Amino acid sequence: MEIETLLATLGEACPDYAFEARTIPVDETVIEIPAACLEDVVNVLRTTFSAYHLSTITGQDRGTELELLYHFWHERGITLRVALPREGARVRTLTETIPGADFYEREVGEMLGVTFEGHPGPEHLLLPEDWESEPPLRKAQQAEEGDP
Amino acid sequence: MTRVTIPVGPQHPLLKEPLSVRLTAEGERVLEAAMRLGYVHRGIERLVQERTYVQNLHLLERVCGICSHVHTTTYCQGVEALLELDVPPRGLALRTLMCELERIHSHLLWLGVLAENIGFSTIFMYSWRDREMALDIMEGLSGGRIAHAVNTIGGVRVDLDRGEMYAARRLLNELEKHVHDLLDVVEHESTLKVRTQGVGGASLEQVRRHCAVGPLARAAGLDRDLRRDAPYAAYDRLSFEVVTETGGDVWAATRVRVLEVFESLSLCRQILDDLPSGEIATRAPRRVPEGEVVSRAEAPRGEVVYYLRSDGSDKPARIKIRTPTLPALSLVREQLRDINIADVPAVISGIDLCIACADR
Amino acid sequence: MRDLLSVLVTVFVFPGFGFLVACALLFEWIDRRTIARLQARVGPPWFQPVADLLKLLSKENVLPRQADRPICRALPVVSLAAVLTAALYVPVGGRVVYAFEGDLIVVLFLLSLPALFYFLAGWVSGGIYSILGGSRSVLQYFSYEVPFLMALSAPAILTGSWSISDIITQQAEAGWILLVQPVGFVLAVVGLIGKLKRVPFDIPKAKSEVVGGPLTEFSGRKLALWHLTVDIQTVAGIFLLVNVFLGGGDLTLLQGSTPLGLARAVTFAAKALAMLLILSVTSALYARLRIDQLASLGWRILAPLGLVQLAATILIGVG
C-alpha cells in the first residue's frame, strides 16, 4: 500500500482535514486524525486497503492532552494518532466492525479514563471492580506517588 | 433443563495461571462464556516508567515465564532503533537462536498441557521430557532455563564457544527424533484425534475480526508470520517455511505447532552452522533521545507489539505491551459458545494461554 | 471352636479381608509403577499406596454446608462393604470363603453397587462439579454395564452353571473359556475398565473438566475408604475375570489337572498379574474419551457384540 494513495483516499473520506504522515521506527507510518473521523478512516483502511488487523490501542497522557494510538498492520505498520482532551475524553468504539478491539478499549478506558461510546461491556479488564483511585496511567497520579 | 454456571477458574486443574471463565451451561451444552482477567496484573506498564532502560530489561523479562526472551528482544529492538544502534551480526544471530529455542520449548510445553487436559498424560510426560533437551541447550548458553537474561541493549550478553555449539547440535539432533515420534502420535493416534478434530473450529473470518495471531490464526489459514513478513534480528538471512492449516480446530493448531518445532530446529541448525564471528554487543548510552518506536516480533504465541516513547531521559516515558494471548482470549469467548462441556478443556488449552502475558 | 477359628481366619485373613486389602494395595502399586515406566518416569516406591492410605486416614475431613452429613459418612463405608462382600465369593487360586450356586450373579450385583453409591455421593455432597461428575457416572454406567453383564453371562450359559467354582472346574476339563469366547473376554475387559473408571473411561472424575467429580468434596477418612473401595474393586474384578475366562488356578490350557496348592496359587497370581498388566498398558496408551463418545461406543459397538456373543453361545455352545 502506498502512503500517498492512502492519504489521498483518506482526504476523500474526511475532506475537512489535511492528512499528513510521518515515519517512526521500525518502518511505522503515523497519521494524525481527528477523533470525529476515526470511524471513517478505519473503514477506509479495512475496505479499500484490506488493513483489518488492529494490533492494539495505546493510550498515553502527554501532559496537555491524552493521546490514543491505533496500531494497524498490513504489509507495514500504520498507526493512527487521535488527540483527546484531558477532561471528558470520548471517542466512538470500534467493536462493531472489529470485535477484537473490545479488550484494548477496555484497558485504555480503565488505565486512562477514556470513554468509548457504544462499547458493549466497558467493565474493568485488569483492574479490580472496586478500584477507587485515579486511572493509573494519568500523569497526576504519577506526580503524587513518589517512590514505587 | 435448568441453566447452571460452571466456574472454570480462577483456580482450576485446567489452568496453569489464574483466569476466570464463567460458563453458562444447560445439560452437557455450554451456552456462553464470560471472562475476567486481571488476576496476575502487576502494573508493569506503570512500573517501567520509574526504572531506567537497563533496569527494565530485568522487569520486562518477567512479564512471562515461557516467552521471556522474545519480550526483551522486542524491547531491545525498539530501544536500539531509537538510539540508531547497529547490533553486530553475531549478537543478532545469538539473539535469534535463543528466540527459536524458546519457540521449541514453548510449543512442547503446550503440547504436554493439551495432552494432560484431555486425559492423555503419557504424551504430557513424553513432550515435557523432550522439552528438557531444549532447556538444556538454553541453560548451556545462558545459565538459565527460563529467565535467560541473554539480551542487553545493543546485543547479547553471553557467547557460545565450540564445546557448547557441539553439545547444542547433538541435543538438537536427538530432539528432532523425539519430535518425529510426537508428530506421529498427533497425526495417527485415534483417541487424540477424536478429542481434538472438529473441536473449537475458528473460521478465517472470526480470526480476522478478533485480530488473532500466531499458530492459532495460522491453523485457520491466515498466512502471516512476522519472521517472514517483517524480518527482525537475523531472520532476513535465514530460510524457513510458514506452516498453515485449514479448519482452525484444535487438531489443526496442534499440527501447526508441532510442524513449527521442526522449522525452529532447522533454523537453529542454520544459525549454528553459519555463526558470524565478531562482537556480540555494541555499547549503548544511558540516555535515549526523544522519539517513538513501534517494535514487533513473532513470539511463540504470535505477534508481540511494543510501543515505546522516550522523552530524552534515562527512563522510558511510556511502554505499551500487547501480547498475543489477549486477542486469543477475545476469540475463545466466541469459540466457547454452543459446544460440549467435555470439549471445553481442549478449546481452552488449544489457544495456548499465557495469562501472565495478557495481564502484565 | 476350631471351626469358628477357621471361619474367622478365612474371612478376615485369607482369602478374606486382610488378604484382599494387602492385594489391593499391591495391585495399586504395580499399576502405578507400570504406567510410570511406560511414561518414562520412575514411579512410586512399593509402600506408596500404604502411605497414601494412612495419610488420608489421618487428615481432616471438611464437607460443604449443603452436604448431607449422615449420608456422606455412610456412603463410603457401604461402598467398601459391598465390594468386600463381593470379593468374598470370588475364588482365589481355588480357595474361596463361601461358594454356592448362583454366586456369580451375587458377585455381579454387588460389584455394580459402588457405581450407584458414587453417583449418590456426588448428588448429596453438593456443588456443581460433584453433580456434573455424578450425572456423567450414571451415563457411563449404562454404557459399560450392559456389555459387561452380557460378557459374563455367556460363560455361565456355556457351562450351564451360575457358580464360579463350577465354571472353574469345567474349564479344568474343557479348556479356558477365553479360547471359546474371545469376544466376550474383550468385552469383559472393556467393561471392567469402565467400571473402575480408568483411562480412557475416567470421565466422571476427569480432573480438567470436573475437578474431582462426585468425590470433589470428600477428604480425609471418607476419601481413604473410597480409594480402598476402588482398589478392592480392581482386585475383585481381576480375580473374577481370571476365574471365569482364564480357568482360575489351573495350569494347562486344554487338558485339566489339579496341581498342588502352591502351584495353583502361583498360576493364579501369574494370570492375575497378566490381567493387571493389560489394564495398566491400556491406561497409558489412550486419551480420555468424551462421555457421548463412550455412550456411542457402548451402545453401537459393545452391546451388539455382546448380543452376538450371547446368541452364538446359546445356539452353538450349549450341548
**Q.** Selected residue (only one of B:Ser295, B:Ser266, B:Ser277 is out of contact with any Phe, Trp or Tyr (no Cβ under 9 Å at 6 or more places or on another chain) and of a type outside the set (D, E, K, R))
**A.** B:Ser277
Q) Looking at region C:181-196, is at least one residue within 14 Å of chain B (Cβ to nearest Cβ) and either part of a loop (DSSP other than H, G, I, E, B) or at positive phi (or both)? A) no
Q.
Out of B:Glu187, B:Glu132, I need the residue that is surrounded by fewer than 17 Cβ atoms within 10 Å (Cβ to Cβ), among the charged types (D, E, K, R) and within 14 Å of chain C (Cβ to nearest Cβ). Which one?
A. B:Glu132
Q | Qualifying residue in region B:67-78 (condition: more than 19 Å from B:Val156 (Cβ to Cβ), within 21 Å of the chain's Cα centre (by Cα) and in contact (Cβ under 8 Å) with a residue 40 or more places away in the chain) | A | no
Q: Taking B:Leu265 as meeting all but one of (1) touching a residue at least 40 places away in the same chain (Cβ under 8 Å); (2) surrounded by 23 or more Cβ atoms within 10 Å (Cβ to Cβ); (3) among the aliphatic types (A, V, I, L, M); (4) outside any strand (DSSP E or B), write down the number of the exception.
A: (2)
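Quick grid of which residues meet (1) modelled with pLDDT under 85; (2) surrounded by fewer than 21 Cβ atoms within 10 Å (Cβ to Cβ); (3) within 14 Å of another protein chain (Cβ to nearest Cβ); (4) part of a helix (DSSP H, G or I):
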position: B:Lys193; (1), (2), (3), (4): no, yes, yes, yes
position: B:Tyr232; (1), (2), (3), (4): no, yes, yes, no
position: B:Val242; (1), (2), (3), (4): no, yes, no, no
position: B:Arg257; (1), (2), (3), (4): no, no, no, yes
Q: For region C:4-33, name all the residues that are among the aromatic types (Phe, Trp, Tyr) and assigned to a helix (DSSP H, G or I).
A: C:Phe12, C:Phe17, C:Phe19, C:Phe27, C:Trp29
Q) Does B:Ala33 fit the bill of being in contact (Cβ under 8 Å) with a residue 60 or more places away in the chain, touching a Lys or Arg at 6+ places or on another chain (Cβ under 6 Å) and surrounded by 18 or more Cβ atoms within 10 Å (Cβ to Cβ)? A) yes
Q. Residue check, C:Phe218 against (1) part of a helix (DSSP H, G or I); (2) crowded, with 20+ Cβ neighbours inside 10 Å; (3) of a type outside the set (D, E, K, R); (4) away from chain B (no Cβ under 14 Å), all met but one. Which one?
A. (1)
Q. How many of the residues in region C:34-59 are part of a loop (DSSP other than H, G, I, E, B) and of a type in the set (Lys, Arg)?
A. 2
Q.
Among (1) free of Cβ contacts under 8 Å to residues at least 60 places away in the same chain; (2) assigned to a helix (DSSP H, G or I); (3) small (Gly, Ala, Ser), there is one condition B:Gly198 misses while meeting the rest; what is its number?
A. (2)
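Every residue, every condition in (1) away from chain B (no Cβ under 14 Å); (2) at pLDDT 85 or above; (3) out of contact with any helix residue (DSSP H, G or I) (no Cβ under 6 Å at 6 or more places or on another chain), yes or no:
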position: C:Ala224; (1), (2), (3): yes, yes, no
position: C:Ile232; (1), (2), (3): yes, yes, no
position: C:Gly247; (1), (2), (3): yes, no, no
position: C:Arg264; (1), (2), (3): yes, no, yes
position: C:Leu277; (1), (2), (3): yes, yes, yes
position: C:Ala284; (1), (2), (3): no, yes, no
position: C:Asp292; (1), (2), (3): no, no, yes
position: C:Ser296; (1), (2), (3): no, yes, yes
position: C:Leu307; (1), (2), (3): yes, yes, yes
Q) Out of all the residues in region B:3-15, which are within 11 Å of chain C (Cβ to nearest Cβ) and surrounded by fewer than 17 Cβ atoms within 10 Å (Cβ to Cβ)? A) B:Val4, B:Thr5, B:Pro7, B:Gln11, B:Pro13
(Q) For B:Ser121, only one of the following conditions fails: (1) within 14 Å of chain C (Cβ to nearest Cβ); (2) at positive phi. What is its number? (A) (2)
Q. Which of the residues spanning region C:95-148 are part of a loop (DSSP other than H, G, I, E, B), within 14 Å of another protein chain (Cβ to nearest Cβ) and out of contact with any Ser or Thr (no Cβ under 8 Å at 6 or more places or on another chain)?
A. C:Gly126
Q: Run B:Gln197 past the list (1) out of contact with any helix residue (DSSP H, G or I) (no Cβ under 8 Å at 6 or more places or on another chain); (2) within 30 Å of B:Val30 (Cα to Cα); (3) more than 14 Å from chain A (Cβ to nearest Cβ); (4) surrounded by fewer than 17 Cβ atoms within 10 Å (Cβ to Cβ) and report the number of the one that doesn't hold.
A: (1)
Q) Is it the case that some residue within region A:17-27 is at negative phi, part of a helix (DSSP H, G or I) and buried (at least 18 other Cβ atoms within 10 Å of the Cβ)? A) no
Q | Out of B:Arg337, B:Arg322, sole residue that is among the charged types (D, E, K, R) and surrounded by 22 or more Cβ atoms within 10 Å (Cβ to Cβ) | A | B:Arg322
(Q) Checking the conditions here, which among C:Thr34, C:Thr10 is within 14 Å of chain B (Cβ to nearest Cβ), crowded, with 17+ Cβ neighbours inside 10 Å and touching a residue at least 12 places away in the same chain (Cβ under 8 Å)? (A) C:Thr34
Q | A:Gly88 at positive phi, over 12 Å from the mean Cα position of the chain (by Cα) and either modelled with pLDDT under 85 or surrounded by 15 or more Cβ atoms within 10 Å (Cβ to Cβ) (or both) | A | yes
Q. Is it the case that region C:60-72 has a residue that's part of a helix (DSSP H, G or I) and closer than 23 Å to C:Ser283 by Cα?
A. no
Q. C:Arg300 versus (1) under 30 Å from B:Val186 (Cα atoms); (2) under 22 Å from the mean Cα position of the chain (by Cα): which is the lone unmet condition?
A. (2)
Q.
Just to verify a result, which residue in region B:64-86, among those that are hydrophobic (A, V, I, L, M, F, W, C), in a loop (DSSP other than H, G, I, E, B) and more than 13 Å from every other protein chain (Cβ to nearest Cβ), is surrounded by the most Cβ atoms within 10 Å (Cβ to Cβ)?
A. B:Cys64
(Q) Show me the strands (runs of 3 or more DSSP E) found entirely inside region A:31-148 where at least 1 residues are within 14 Å of chain B (Cβ to nearest Cβ). (A) A:53-61, A:66-74, A:76-84
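Residue-wise test of (1) closer than 19 Å to C:Tyr89 by Cβ; (2) in contact with a Lys or Arg (Cβ under 8 Å, 6 or more places away or on another chain); (3) among the aliphatic types (A, V, I, L, M); (4) at pLDDT 85 or above.
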{"site": "C:Asp166", "(1), (2), (3), (4)": "yes, no, no, no"}
{"site": "C:Gly194", "(1), (2), (3), (4)": "no, no, no, yes"}
{"site": "C:Asp202", "(1), (2), (3), (4)": "no, yes, no, no"}
{"site": "C:Phe218", "(1), (2), (3), (4)": "no, no, no, yes"}
Q. Regarding A:Val82, is this residue aliphatic (A, V, I, L, M) and crowded, with 20+ Cβ neighbours inside 10 Å?
A. yes
Q: Considering each of B:Ile351, B:Ile321 in turn, give the residue that is of a type in the set (Val, Ile, Thr) and either at pLDDT below 90 or within 19 Å of B:Arg95 (Cα to Cα) (or both).
A: B:Ile351
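The values are calculated or read from the model by the stated rules, or taken from the named source; none is laboratory data. Since the structure is predicted, the reported quantities are computational estimates derived from the model, not experimental observations. So basically every Cβ, Gly included, is an ideal-geometry build from the backbone, and we count neighbours across all protein chains shown.
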